[in-house]
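The numbers here are math on the coordinates, done by the rules we state, and not lab data. Here the structure is a predicted model, which means the values were calculated and not measured.
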Amino acid sequence: GLGKQPVATFARIHKPSGSEPEDSPLVARVSERFQLGAQLEALRRLGFHWVHTGHRPNWADVARDPNETPAWHRLDPWVEEFKGRGLWMITNLCGSPAGSICQERRRLGCKVHDERFDERFGAFVEGLVRRYGPPGPLRVIDFWDRPWEWEGGSGWREDAARYRALYRLVYERAHK
């Protein structure tokens, strides 16, 4: 392609210092099948600082409709589990409100919102970082899953140009 191309999906929110615990290369992933607090406590005791949270937090966690104002109180207790243990979060944000994906695309397995909701999604990203980013536990956005031009790991069925536009949107709004 022409111009800058994404090499990785990470959008690091804070600058690493080189000597702090959050600079550890060890990352654990939590499972939604098990009690979050117990998992996080075990990881903390084992010395982990970074936790990949998978698809959470995401836009659908705070908005059932793409046009509603995010209800952050739905997510606050979940994020507090990390904050209370001094653990840093990596998320890939996968999950848009059901009303943001047209039925045809949803039937094809697409999990990303329609383009007309990009501004609302950008506002969500900005609000998420403002509320839970530094000094809070949200430190890295590993945006979505595996950007392929075919189906993709999470059934996106989007093309590379759409991915790049969304990467740009996430990067710009997370750093705003």
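Comparing Cα centroids, the range 33-67 and the range 82-147 end up 13 angstrom apart. Remark on the range 43-111: hydrodynamic radius 13.6 angstrom, per the Kirkwood mean of 1/r across alpha carbon pairs. To one decimal place, what orientation-averaged projected area in nm² is obtained for the convex hull of the Cα set of the range 18-136? Its Cα hull, projected and averaged over all orientations, spans 8.4 nm².
Would you mind calculating the relative contact order of the range 42-146 from Cα pairs under 8 angstrom and at least 6 residues apart, reporting the percent as a whole number? Could you put the intermediate results ahead of the total?
Working: 145 pairs, mean separation 35.1, N = 105.
Normalised by residue count, the contact order of the range 42-146 is 33 percent.
The alpha carbons of the range 31-80 occupy a box of 42, 18, 17 Å along the principal axes, longest dimension given first.
For the range 162-169, backbone phi angles converted through the Karplus equation (6.51, -1.76, 1.60; θ = phi - 60°) give residue-by-residue couplings of 5, 4, 4, 4, 6, 4, 4, 4 Hz, Gly and Pro being listed as x.
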